[in-house]
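Working notes, structure below.
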Amino acid sequence: MNESTIRRLREDARSVFLRAVEAARPGAAVERRIELGPHGRAVIGGEEMPAGSRLFVIALGKASVSMAEAAARKLPRAVFPGEGIAVTNRENRRPLERFAVIPSGHPVPDAAGVEAARRVASYLSDSRAGDAVLVLISGGGSALLPAPARGISLDDKMAATRLLLACGAKIQEINTIRKHISELKGGGLARAASPARTESLILSDVIGDDPSTIASGPTAPDPTTFGDALRIIDAHGLRDRVPRSVLERLEAGRRGEIPETPKPGDPLFARVTNTVIGSNRLSLQAAAERAEELGYQAEAVSLELSGEARDAGEMLARSLRAGGATRVPLAFLAGGETTVTLRGRGRGGRNQELAIGFAIAAEAVAAGAGGAPGAWVFLSGGTDGRDGPTDAAGGIVDPGTLARAAARGRDALRELERNNSYALLEASGDLLMTGGTGTNVADIQILLVAAEE
């Protein structure tokens, strides 16, 4: 194996990943969507705000500070004197003029998030007809702004969230339940802002860019029901494990004793506009452009990668067969969001598990008929710079990863079964470290294959 080729591939993979992250920077996207009308008043949802109206600005999610900062740059004090509210995770917190920046827990909600939700609800309670509410939404907003429904404690909501995360539930399933045990999710924020007009600018971190799923759809109609939430709990065998208060609320809702979340067609949404301004798909396009600048022939393998992380890694490793004995450098790209079913008590995240799953499968491909190219590098990273409850964005592996880990006493299969991917990649020197990026459009996977020499 040519070590200099591997080093170059690793550098290129990082460069392609960082271009994808850069494409999801929220500031420019927000500024492009905020306009000032001929009378110097803000244009919200295509309509200029009436004279004498007020503008309320709320940002929530991992990219909220960057989005709020961009809004403040574009909106003069005469239009938005402040102060708005930005709710973000602790890693991305920083002071911001004209905004109260509130850090709260992610991925598991905490008491700080409950207080943030209370402040947001109080802030909106002063809005009236003729006013406008600008909501800047990014991934992570669902956990960061918890407002447990009446009768459900924060501890019970946290317990339900942990159970769903641990069993490998999809983000859409988790959000279906969150909407039905919360006050502000599933259109609840739009309801709290009514009768003011609401314009939401959304940085999507979910497959398909559905506004009702991103951050649990605080300003979008909710097509899911209490019955759907109960079916998800049953499908994952959690009926006897979720807190009693959660189960009782969902059962009461299914019986019609509790009002449903606002649905498509509700007159409430005649005054609401939801616009996706950044997404995983757009970042993949930027990644492909950067790969081609570096001389690779780029191909999208999956635009909606999902399922168990280790299985997704195995699936992506099949691309190595297509790259065998290639005469041109190849870049295989994917994007989406996988899940991890917890089996052990190790430390890691979905991108780290995906990278290890790829490395294991690549070894098997190399040993099989036809083999695999000798020089390749595979990167899987979260665009927010944080993979699970770790300080890594993901992992970047190559044909020597498993041997380097083994030399330091880490067996890949054993660590994968323990969900201990961080320790293995730390041992092999293959953690992808970027720090918080201030954005979040799910995950990007990059496989670079060198040309045959």
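Read the figures in this text as sums done on the coordinates, not as results from a lab. Small disclaimer: the values here were computed from a predicted structure and weren't measured. When we count neighbours, we look across all protein chains shown, and the Cβ atoms used for this are built from the backbone with ideal geometry, even at glycine.
Working note: Debye formula, equal point scatterers on the alpha-carbon atoms of segment 211-327, no solvent; log10 I(q)/I(0) at q = 0.10, 0.20 Å⁻¹ is -0.59, -1.16.
Calculated on the Cα set of the chain, radius of gyration then Dmax: 22.8, 74 Å.
Measure nothing fancy, just the Cα-based angle from helix 244-254's long axis to the longest principal axis of the chain, in degrees from 0 to 90, nearest 10. Tilt of helix 244-254: around 70 degrees. Estimated purely from DSSP H runs of n ≥ 4, each contributing -39500 (n - 2.57), the mean residue ellipticity at 222 nm for the chain is -11500 deg cm²/dmol once divided by its residues. Centre-to-centre separation between the Cα atoms of segment 390-453 and those of segment 84-106: 30 Å. Give me the one-decimal Kirkwood hydrodynamic radius in Å for segment 148-255, with the sum taken over alpha-carbon pairs. Evaluated over segment 148-255, this radius sits at 14.2 Å. Could you give the distance between the Cα centres of segment 229-286 and segment 157-212, to the whole Å? Their Cα centres are 6 Å away from one another. If only the Cβ of Lys and Arg carry +1 and only the Cβ of Asp and Glu carry -1, the dipole of segment 44-192 around its Cα centre is close to 140 debye.
Distances between placed amide hydrogens fall under 5 Å for residue 182 paired with 149, all partners being 5 or more residues away or on another chain.
When the convex hull of the Cα atoms of segment 77-164 is projected onto a plane and the area is averaged over all directions, what value comes out in nm²? Over every viewing direction, the Cα hull of segment 77-164 projects on average to 6.8 nm². Based on the convex hull around the alpha carbon atoms, segment 259-390 presents an average projected area of 12.3 nm².
Computed over segment 87-237, the alpha-carbon pair-distance distribution with 10 angstrom bins reads 11, 42, 36, 10, 1, each value a whole percent.
Under a model in which nothing but the beta-carbon of Lys, Arg (+1) and Asp, Glu (-1) is charged, the chain shows a dipole of about 940 debye around its Cα centre. Here's the picture: charge each Lys and Arg Cβ at +1 and each Asp and Glu Cβ at -1 in the chain, and of 399, 190, 295 the one pushed furthest to the positive end of that dipole is 190.
For segment 64-122, the calculated P(r) over all alpha carbon pairs, in 5 Å bins from 0 to the bin holding the longest distance, is 4, 19, 28, 23, 16, 7, 3, 0 percent.
Using the average count of surrounding beta-carbon atoms within 10 Å as a protection proxy, the listed peptides 119-129, 241-251 rank, highest first, as 241-251, 119-129.
Projecting the Cα positions of 247, 269, 236 onto the charge dipole of segment 233-300 (unit charges on Cβ atoms of Lys, Arg, Asp and Glu, taken about the Cα centre) puts 247 furthest along the positive direction. By how many degrees, 0 to 90 and rounded to 10, does the Cα axis of helix 226-235 deviate from the longest principal axis of the chain? Result, in degrees: 20. Close lysine pairs were tallied over the chain: pairs 8 or more places apart or on different chains with Cα atoms under 30 Å apart number 16.
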